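Nothing in this text is a laboratory measurement; each read-out follows from the coordinates by a stated rule. Because the structure is a prediction, the values reported are computed rather than measured. Glycine also receives a Cβ, built like all others from the backbone with ideal geometry; neighbour counts cover every protein chain displayed.
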Amino acid sequence: MKKTLLKAATALTAVALLGAGTASAEKWDMPMGYSASNFHSMTGAEFAKCVTQGTGGDLEIVTHPGGSLFKGNEIKRAVQTGQAQIGERLLSAHQNENPLFGVDSIPFLATSFADSIKLWKAAKPEFDKLMDDQNLVLLYSVPWPAQGLYFKKEVNSVADMKGIKFRSYNTATGRLAELTGMLPVQIEAAEISQAFATGVADSMVSSGSTGYDRKVWESLTHFYEVDAWLPRNYTFVNKDSWGSLSDATKNVVKGCASIAEYAGYWRAVQYQEFTIGQLAKNGMTVAKAGSKLKGELEGIGAKMTGEWLEKAGPTGKAIVDAFKASK
Ligand code: PCA
């Protein structure tokens, strides 16, 4: 870990030197969907500080976590239209626009941190193109820890899930609810504590991280480790805002983005164990999904993989093939 920090500090000094002496000061707002204490938001705050310091204040980035400037589902549009210059959002939230956005939420395709990096490497060139077509520039992306299932009762099979109100966060999680006989309701992470407290939802698929951030033990009782997939957040800039920067400033932003991607990844790795431990410490039953449940979920995963591949066409297939070849 010491080595990691040293590396990051050296890189930070390097980008700071690169940024010295750039043109007139500018301020960018960076809306983010998740709470300030979440590790993605912390990574974003460090990234913003890195850019502000690295450019000697020529470009100041101000983060707005917790959906305080734009709500999670408004962030991408806000950046595309220039209402904000930069933002962070859950990648798969845009799966309804283009199936490619859901490449990280295919159940049981990439189920570890190492595979999540490989899948991202296979998909990134397509994302760069897709972003460019949408007036955006992709900066960095950090995975969430592996996704497991939260309930208010013991669950050992898909039959036990029937009729439960399920909080979804993207198209794939909505589909998972349908295929397991649950009733999906899409809710932003910032609002789930209230949704569980008032009975709007009684279950979800998410990481230990979101369960911990939102103190879900106040309403829910069971967490099953399923390691179904590791969705990602991504940070992007409005293309015109990006084009207005000097080359020196762009270099600082790119340098800080690589540090953020690296540091965020390691935060996620460390957070996975810590947060699952905290769920148990706060009274939840934490267990690996039983073999019956796991087997049934894998069957549903195979169906959802087929559905995704059909929608995503040859581009999607090429990404999945490249990922599998890199394993
Ligand atoms: N937390 C986010 C997305 C994935 C995760 O682990 C959420 O539940 O909204």
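Taken over the stretch 183-327, the alpha-carbon convex hull comes to 186 cubic angstrom per residue. Placing unit charges on the Cβ atoms only, positive for Lys and Arg and negative for Asp and Glu, gives the stretch 181-289 a dipole magnitude near 220 debye about its Cα centre.
Calculated mean residue ellipticity at 222 nm for the chain: -16000 deg cm²/dmol, from DSSP H runs with n ≥ 4 weighted as -39500 (n - 2.57), summed, divided by the residue count and rounded to 500. Normalised size of the stretch 97-170, defined as Cα radius of gyration per 2.2 N^0.38 Å with N residues, equals 1.43.
Roughly what angle does helix 113-133 make with the longest principal axis of the chain, taking Cα atoms, 0 to 90 degrees, to the nearest 10? Relative to the chain, helix 113-133 is tipped by roughly 60 degrees.
What is the local net charge at N238, summed over the other residues whose Cβ is closer than 13 Å to its Cβ (Lys, Arg +1; Asp, Glu -1)? Within the 13 Å Cβ shell, the charges total -1. Evaluating kT/(6 pi eta Rh) at 25 °C and 0.890 mPa s, with the Kirkwood radius of the stretch 136-187 over Cα pairs in the Stokes-Einstein relation, gives 194 µm² s⁻¹.
Can you sort R175, R89 from fewest to most other Cβ atoms within 10 Å of each residue's own Cβ?
Numbers: R175 21, R89 26.
So the residues, fewest neighbours to most, are R175, R89.
From the alpha carbon centroid of the stretch 121-183 to that of the stretch 227-252 is 22 Å. What is the sum of charges, Lys and Arg at +1 and Asp and Glu at -1, for the other residues whose Cβ falls under 11 Å from the Cβ of K294? Its environment carries a net charge of -2. Straight-line reach from K49: which aspartates and glutamates fall under 16 Å, measuring Cα to Cα and dropping same-chain residues less than 8 apart? Excluding near neighbours in sequence, the set is E26, D29, D58, E60, E88, E261.
Extending 7 Å from Cα along the Cβ direction at R77 and again at A302 yields two label points whose distance is 4.0 nm.
When the convex hull of its Cα atoms is viewed from all sides, the chain shows a mean projected area of 15.9 nm².
Residues of the stretch 191-205 with backbone nitrogen within less than 15 Å of a virtual label 7 Å along the Cα-to-Cβ line of E218, please, listed as ranges. Under 15 Å, as judged by backbone N against the label point of E218, lie 191-201 of the stretch 191-205.
Residue exposure proxy: W120, W229, W28, ordered by other Cβ atoms within 10 angstrom of their Cβ from fewest to most, comes out as W28, W120, W229. The modelled label-to-label distance between D160 and K324, using points 7 Å beyond Cα along the C-beta direction, is 3.2 nm. Extents of the stretch 154-226, largest first, come to 28, 24, 22 Å (Cα atoms, principal axes, whole angstrom).
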